[in-house]
Amino acid sequence: MSHSFCHQRLLQFFKVFRKVGHQVALRSSGVNANNNANGFTFLQSTFSDINANLQTSEDKCCMFIKYYNNISRDERAAFLRDLAKNYGIHPENVVTVAKTAVAVKDKGDVSLLASSEKLRSSLKPKFKTLFTHIGRVDGGVKFLVDCRADVLSIKQSCTSEMDGALFQELNIALMDLLRLWFTVGLLNLERITWNSSCDLVQKISSYEAVHRIKTWEDIKRRVGPYRRCYIFTHNSMPGEPVVVLHTALTTDISSNIQVSSSEKTNDNLASQHYLEKEEQANIKWAIFYSITSTQKGLQGIDLGNYLIKSVVRRLQEEFPHLQNFFSLSPIPGFRDWIVSTLNHRINQHGKHLEALVPYQNADHNSLLDTFKDQILSHTWYRDQTLQRIMSPLMRLCANYLYIQKRRNYALNPMANFHLSNGAVLWRINFLGDTSIRGLNQSCGLMVNYRYFLDSTEANSRNYLEKQQIRASAGVLKLLEK
């Protein structure tokens, strides 16, 4: 019997031994969907020798993942709370170490640095070490992304201030790690076409959050001629889109989503969907009309900004003459803001709304009440006369996007995203999205943000540091009215 053969048999034996031992450990820890064991005992076992060696660490991380995936949502909330409470930061220890650091401040830099290191160590929760180990096992990064989604959801429903603080501690630890692991240098830019894997195309369709994809014909258009669909993926989450950007290559600035995304119209842009070959002469503008972050656990980690910049570079490689980049963006929250504003002024007369008098009824206290009723009923956008009467929506939208602030930044989250990226508030589009969702979100209005490549960084810096919004003359003229 050869030495190599014996070596192979020995390796096989150890693999089987590890697998059986792992299964026994899982059973003894109660990793069973129908019989959840005591979470406290399981956590004690997990942390007992988590740093013993690489193999022990990997086995314990795999057990942790299986245990967590096999318990219910309510059980997860209690389990995570125990994890944060018993294996988080211990305030008494932090206070003791901090006092020591203060006591040695006059003993020289060496002593102070040593105390500082102890203080830094006391401020690192034990569960963060576990999370770091989990990120190294197969499927570990995706597990942590999903785990943070659970943490955010549970934190939102916490009624106890202490529980809220514990879940925030978990959230911060996970976010620190995920922000480090999901930097742009570790992400892969991929273009999705009709020839991409069915599973990936299906996920793109399922994840779409801005403009719903209804049929296979819709997705076929969105990845076909004069369209580009790009995604970021992560090596630790193969086949899983992290963020998705849909782009239309057009002859003009799109003002209507029905033309940009997938609906058939008589517009020249729509007819380009069915051309077999793209003509470079027809490509003058790139319109970003949908960007979707697919992972709730990556909330607050800015990947969309990097994706837009990466796509701009890729498109310029493909079309060197292309210099005009816009978004065609929804305005979520605009209708709710109008209704809330009107509710505070509902008994006022309402300037410039006299044309609504024929539409006023006995239930309306004022013309502003009539105006609000038209907004809520969605009947106005089908009537050309009412469309003209409802034109103050354009001025209100300019006010909402340019004037209304939250902590000195744009109140609207989509506006804040594009302005942070260095875009210019370029044009507001009346009846840009007349779908039910578009009417409910923004009274059918949409907005173009323009990216001037030579001033994007300066615009971004002025917005982030000085809270200055750069807007076009057309938007500023609406504000003058």
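The values are calculated or read from the model by the stated rules, or taken from the named source; none is laboratory data. Bear in mind the structure is a predicted one, so any value in this text is a computation, not a measurement. Here the Cβ positions follow ideal geometry from the backbone for every residue, glycine too, while neighbour counts run over all protein chains shown. Accessible surface areas use protein heavy atoms only, side chains included; no ligands, DNA or RNA. Shrake-Rupley method; radii C 1.70, N 1.55, O 1.52, S 1.80 Å.
May I ask you to rank R395, R148 by accessible area, largest first, using a 1.4 Å probe over the protein chains only? Before the final figure, lay out each step's value.
Numbers: R395 65, R148 5 Å².
Putting R395, R148 in descending order of accessible area: R395, R148.
Checking the cross-link filter: which lysines have an alpha carbon closer than 18 Å to that of K481, excluding same-chain neighbours under 8 positions apart?
Within the straight-line cut-off, K481 pairs with K351.
Ignoring ligands, DNA and RNA, please state the percent of accessible area on segment 322-434 from carbon and sulfur, probe 1.4 Å.
Values: 2520 of 5370 Å².
Here it works out to 47 percent.
Checking the table K214/K296; K85/K124; K309/K477; K60/K118; K66/K124; K142/K203 against a 18 Å threshold on Cα-Cα, which pairs fail? Numbers along the way, then the final one.
Values: K214/K296 22 Å; K85/K124 13 Å; K309/K477 30 Å; K60/K118 27 Å; K66/K124 25 Å; K142/K203 16 Å.
Correct reply: K214/K296; K309/K477; K60/K118; K66/K124.
Identify, among V312, L425, P238, the residue whose Cα sits farthest towards the positive end of the charge dipole of the chain, taking +1 on the Cβ of Lys and Arg and -1 on the Cβ of Asp and Glu, with the dipole about the Cα centre.
P238
Taking a quarter of the surface of the convex hull around the Cα atoms of segment 351-477, what do you get in nm²?
8.8 nm²
Can you give the Kirkwood hydrodynamic radius for segment 105-222, in Å, rounded to one decimal and based on Cα pairs?
On the way: mean 1/r = 0.0546 Å⁻¹.
So the Kirkwood estimate lands at 18.3 Å.
For A423, what charge total do you get from the other residues with a beta carbon under 15 Å from its beta carbon, if Lys and Arg give +1 and Asp and Glu give -1?
Details: positive: K309, R427, R450, R461, R470; negative: D302, D454, E457.
Local charge sum for A423: +2.
Quick one: dipole size for the chain, taken about the Cα centre, charges +1 on Lys/Arg Cβ and -1 on Asp/Glu Cβ, in debye to the nearest 20. List each step's numbers first, then the result.
Values: 58 positive and 43 negative charges, 112 e Å.
Around 540 debye, computed over the chain.
Can you list the residues, at least 5 places off or on another chain, whose amide H is less than 5 Å from the amide H of R227, using H built in the peptide plane?
Result for R227 returns L249.
Enumerate the amide H contacts of S290 below 5 Å, restricted to partners 5 or more residues apart or on another chain; note that Pro and chain-start residues carry no placed amide H.
H246
What are the ³J(HN,Hα) couplings of segment 215-227, residue after residue, when phi is run through the Karplus curve with 6.51, -1.76, 1.60 and θ = phi - 60°? Round to Hz, x for glycine and proline.
3J(HN,Hα) across segment 215-227, in whole Hz: 9, 5, 5, 4, 5, 5, 5, 6, 10, x, x, 6, 9.
Compute, for segment 285-379, the length of the dipole vector about the Cα centre, with Cβ point charges of +1 (Lys, Arg) and -1 (Asp, Glu) only. Units Debye, rounded to 20.
Details: 8 positive and 8 negative charges, 59 e Å.
With only Lys, Arg, Asp and Glu charged at Cβ, the dipole is about 280 debye.
Give me the compactness ratio for the chain, meaning the Cα radius of gyration over 2.2 N^0.38 Å. Mind showing how you got there, number by number?
On the way: Rg = 28.1 Å, N = 481, 2.2 N^0.38 = 23.0 Å.
Compactness ratio reported: 1.22.
Out of every Cα pair in segment 40-192, what percent are spaced more than 26 Å from each other? It would help to have the intermediate numbers written out before the result.
Numbers: 4187 of 11628 pairs.
Cα-Cα pairs of segment 40-192 separated by over 26 Å account for 36 percent.
Within 10 Å, count the other beta carbons around each residue, average over each peptide in 174-181, 226-233, and list them highest first. Display every interim value, and only then the final one.
Numbers: 174-181: 16.5, 226-233: 21.9.
Packing order, densest peptide first, comes out as 226-233, 174-181.
Output the relative contact order of the chain, whole-number percent, from Cα pairs under 8 angstrom with separation of 6+ residues. Show your work: numbers first, answer last.
Details: 656 pairs, mean separation 48.5, N = 481.
Relative contact order comes out at 10 percent.
Let me have the 222 nm mean residue ellipticity of the chain computed from DSSP H runs of 4+ only, each contributing -39500 (n - 2.57), with the sum over all residues rounded to the nearest 500.
Details: 22 runs with 252 residues, N = 481.
After summing the helix terms and dividing by residue count, I get -16000 deg cm²/dmol.
Taking N as the number of residues in segment 440-481, what is its Cα Rg relative to 2.2 N^0.38 Å? Can you show the working numbers first?
On the way: Rg = 12.9 Å, N = 42, 2.2 N^0.38 = 9.1 Å.
Normalised Rg, Cα atoms only: 1.42.
Around Q404, what is the net charge, scoring Lys/Arg as +1 and Asp/Glu as -1 over all other residues with Cβ under 14 Å from its Cβ?
Values: positive: R335, R395, K405, R406, R407; negative: D336.
Once positives and negatives cancel, what remains is +4.
If you count only protein heavy atoms with a 1.4 Å probe, what accessible area per residue comes out for the chain, rounded to a whole Å²? Mind dumping the intermediate values first?
Details: 25250 Å² over 481 residues.
Normalised by residue count, the accessible surface of the chain is 52 Å².
Let's see if you can work this out: charge +1 on each Lys and Arg Cβ, -1 on each Asp and Glu Cβ, no other charges. What is the dipole magnitude of segment 84-220 about its Cα centre, in debye to the nearest 20?
Values: 19 positive and 16 negative charges, 57 e Å.
So the dipole magnitude of segment 84-220 works out to roughly 280 debye.
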